[in-house]
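Inspection log for the structure reproduced underneath, given as structure tokens.
The values are calculated or read from the model by the stated rules, or taken from the named source; none is laboratory data. Keep in mind it's a predicted model, so treat the numbers as computed, not measured. When we count neighbours, we look across all protein chains shown, and the Cβ atoms used for this are built from the backbone with ideal geometry, even at glycine. Note: areas computed on protein heavy atoms with side chains; ligands, DNA, RNA excluded. Shrake-Rupley method; radii C 1.70, N 1.55, O 1.52, S 1.80 Å.
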Amino acid sequence: MKSVLYPDSTGYFGRFGGRFVPETLMTPLLELEKAYLKILKDSDFWKEYQRILSHYSCRPTPLYEALRFSKRAGGGRVVFKREDLNHTGSHKLNNALGQVLLALRLGKKRIIAETGAGQHGVAAATACALFNFPCFVYMGETDIRRQSLNVYRMELLGAKVISVSSGTFTLKDAINEALRDWVSNVDSTYYVIGSVVGPHPYPLIVRNFQKIIGEETRQACLREYGKLPKSLIACVGGGSNSIGFFYPFLKDKVKLYGVEAEGAASLSLGSPGVLHGSRTYLLQDRDGQVSPAYSIAAGLDYSAVGPEHSWLKESGRVAYVKVQDQDALEAFHHLSEDEGIIPALESAHAVAYAEKIAKQFSQNDLLAVCLSGRGDKDVEQVQKRERRKA
């Protein structure tokens, strides 16, 4: 199990991961790895990080049992890990605060980030405002249009949002442009990657900043119910909320489900290849060219996935499934109506799958779902879609 729980010294989870980058990025990556391994043993860093999470980000987030939604689904008791109540409205701030604090330790002067749904961009902009860094966020034109509220939030926080008009105008292309920026400005710039993707050590760093989600869930289940859940369910785009949720349970007898969008299901429909600096599963054609992804949820609209997820798929530890847009939209409405909780469309994919499989469990079984973000950002998009259909 060690290869599942920790990448090896070269950053591989089994045959996935590594560093597939231009020579100009090897030095900053090695510098980052060295600094990160050092701060792993630095109690002062972690005390400061925990203080900020507690007093600024409002952690721990609660575990909430959804009684009416559970009744609708039938079978098991559905409990939600409420990352939507984390400051800025999603799990993304856990990682952004940690990485910007690390950039401060490294003496960097400038922060860049990429974003799809805008939640990581907002989190990065928030962390930069807190630590007084200039912040530049790359975002595809398509995502800028459908996530205009988050674009304005980033601008309010002092970040400059840079529109990307290449490729599919979505997250994949935003990452490409952020990497180009980093290559040109490695001495002054720290790249805050938003998910468990990219070259080593990023998948490790992001996973470790997000594992607090699963750690808190584990503690809350044992404290409040005296047992672990039978199953964990989380959405998967790049895969940071799900890895953070799953990681503390990997050695337990708990069923783990990663839920992809049907039009961006790299684990369900893709094959191994290299994208954005690591070997992983991705959507590609016969010639190895990256195939476009599509999801109603901008944060799932990515043609690949983090390398640790690829290893967990091949090892059989996690079952990866896919959900259609319409099912996610129905779950978006069901949770809103039943519990007064409007989920992010990304999270709604996990909610939909929980609703689908709940009947397979007994009434005493717990199904824990990571509610990775709130849906304020998606309300206008859903409203416009439904008006077009009316």
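Quick look at the numbers
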item: Unique residue being crowded, with 23+ Cβ neighbours inside 10 Å and either over 30 Å from H276 (Cα atoms) or among the basic types (K, R) (or both) when the list is V79, V100; result: V79
item: Qualifying positions in segment 218-247 - touching a Cys at 6+ places or on another chain (Cβ under 8 Å) and over 30 Å from I193 (Cβ atoms); result: K227, L228
item: Within segment 222-261, tally of residues that are more than 17 Å from the chain's Cα centre (by Cα) and either of a type outside the set (V, I, T) or at pLDDT below 95 (or both); result: 16
item: Some residue of segment 118-136 being buried (at least 23 other Cβ atoms within 10 Å of the Cβ), of a type in the set (V, I, T), in a loop (DSSP other than H, G, I, E, B) and at negative phi; result: no
item: Single condition Y294 does not satisfy, out of (1) closer than 24 Å to E216 by Cβ; (2) modelled with pLDDT under 95; result: (1)
item: Hits in segment 319-359 (condition: surrounded by fewer than 19 Cβ atoms within 10 Å (Cβ to Cβ) and polar (S, T, N, Q)); result: Q324, Q326, S336
item: Selection count, segment 5-50, where residues are in contact with a Pro (Cβ under 8 Å, 6 or more places away or on another chain), in a loop (DSSP other than H, G, I, E, B) and open to solvent by 10 Å² or more (accessible area, probe 1.4 Å); result: 5
item: From the options H55, H87, residue that is under 30 Å from F131 (Cβ atoms), open to solvent by 20 Å² or more (accessible area, probe 1.4 Å) and either among the hydrophobic types (A, V, I, L, M, F, W, C) or touching a Leu at 6+ places or on another chain (Cβ under 7 Å) (or both); result: H87
item: Helices (runs of 4 or more DSSP H) contained entirely in segment 297-390, each with at least 2 residues that are at negative phi and among the aliphatic types (A, V, I, L, M); result: 325-339, 345-357, 379-389
item: Output for segment 267-302, where each listed residue is in contact with an Asp or Glu (Cβ under 8 Å, 6 or more places away or on another chain) and among the aliphatic types (A, V, I, L, M); result: L267, A293, I296, A297, A298, L300
item: Selection from segment 137-167 of residues that are in a helix (DSSP H, G or I) and either within 18 Å of Y302 (Cβ to Cβ) or open to solvent by less than 20 Å² (accessible area, probe 1.4 Å) (or both); result: E141, T142, D143, I144, R145, R146, N150, V151, M154
item: Which numbered condition K47 misses (of (1) modelled with pLDDT under 95; (2) more than 23 Å from the chain's Cα centre (by Cα)); result: (1)
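Residue by residue, here is whether (1) modelled with pLDDT of 95 or more; (2) in contact with a Lys or Arg (Cβ under 8 Å, 6 or more places away or on another chain); (3) acidic (D, E); (4) part of a loop (DSSP other than H, G, I, E, B) holds:
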position: S3; (1), (2), (3), (4): no, no, no, no
position: I52; (1), (2), (3), (4): yes, no, no, no
position: V78; (1), (2), (3), (4): yes, no, no, no
position: A96; (1), (2), (3), (4): yes, no, no, no
position: K108; (1), (2), (3), (4): yes, no, no, yes
